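Colleague: Sharing a structure here in structure tokens format.
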Amino acid sequence: MLEHIVKLRVAAPLGLLFVATACGSSSSGPEPWKAALAEGRVVKLGQGIPPQVSKKASPTAPDPARKVVALSVPAAEEAHQEVPGCQIRFPQAIESGSGEVATIFDLTGAALRKRLWFNVYAMGSYVARGTDVHNAQDLVDADIPKRLLLVMDRKVSSSQMASSVRGSLERQPGARKLQKDIDKLIEFLRTRSIDRGDEIWLIHTPGVGFTCRFNDEASMEIPDPEFSQLVWNSYFGPAKVSDDLCSGLTSRL
């Protein structure tokens, strides 16, 4: 019989998140949870599992805000940055791809976005390791592999999210000539059901352009580097959405 289980997030190749799906037996020897973790299996509650492991989720109602965001983090670099005001944390380094084409991204900072006194999402900013980035304007201007990750800390309607993104983009310099691309992104977000714990990746790839990925379910591309710059401007430029958010996202530069 399967007893209560706790799902643990583990790193996966190619920058994908997955949840372990197998369960070990309580008779598998001393401290079986350690072996299960090492093998990427779901771990049963009890049997000596430390509190910091078993409390990560409820056996019946996992708390998505407690998950650790991790995209193929190298084992030697499994350090994370806490985000004050919420339980979301971001790895200081992530890896995308594999083998000779793998790219390591370093965290430039993380912060919490609030509206009034409500948490909305936590956000992390990443750039490819070895790139020459020193401040917020560098993040906007640099044509380098870079990523922004939003992890929702509350459920919001798709129309609310789309309206917020539209407002932040349309007040940026050069937005008028990119209106069709803005509309395309807004339509993509409007068709998503956005819940607590969901992840929205905003990605710029040189020679490719902009990609928005929602969890691991769907993505859309806009093959125009100017649109990437528009998006990064909304977080780091003169008309940014929040000074506090920008300060947190550049705190490690």
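Please treat every number below as a calculation from the coordinates, not as lab data. Computed from a predicted structure; not experimentally measured. All Cβ positions, glycine included, derive from the backbone under ideal geometry; neighbour counts span all protein chains shown.
Colleague: Provide the net charge surrounding Ile200, with neighbours chosen by a C-beta distance below 9 Å and charges set as Lys +1, Arg +1, Asp -1, Glu -1. Before the final figure, lay out each step's value.
Modeller: On the way: positive: Arg192, Arg213; negative: Asp198, Glu199.
Summing Lys/Arg as +1 and Asp/Glu as -1 gives 0.
Colleague: I've got another one for you. Can you give the local net charge around Gln179? Use residues other than it whose beta-carbon is closer than 12 angstrom to its beta-carbon, Lys and Arg +1, Asp and Glu -1. Walk me through the intermediate numbers first.
Modeller: Values: positive: Arg166, Arg176, Lys177, Lys180, Lys184; negative: Glu170, Asp181, Asp183.
Net charge around Gln179: +2.
Colleague: If Lys and Arg each add +1 and Asp and Glu each add -1, what is the summed charge of the other residues whose beta carbon sits under 11 Å from the beta carbon of Lys155? Please list the in-between numbers first.
Modeller: Values: positive: Arg154, Arg196; negative: Asp153, Asp195, Asp198.
Around Lys155, the surrounding residues sum to -1.
Colleague: Moving on to the next point. What is the stretch 73-166 by shape, rounded, prolate or oblate, if you read a ≥ b ≥ c off the alpha carbon gyration tensor as root eigenvalues and call it rounded for a/c under 1.5, prolate for a/b larger than b/c, and oblate otherwise?
Modeller: Details: a/c = 1.99, a/b = 1.58, b/c = 1.26.
Prolate.
Colleague: Given the pairs Lys114/Lys240; Lys114/Lys155; Lys155/Lys184, which are separated by over 20 angstrom at their Cα positions? Let's see the in-between values first.
Modeller: Values: Lys114/Lys240 14 Å; Lys114/Lys155 13 Å; Lys155/Lys184 23 Å.
Where the Cα-Cα span goes over 20 Å, the pairs concerned are Lys155/Lys184.
Colleague: Still on this structure: Going 7 Å from the Cα of Leu253 toward and past its Cβ, which residues in the stretch 115-138 have a backbone nitrogen under 18 Å from where you end up?
Modeller: 123-138
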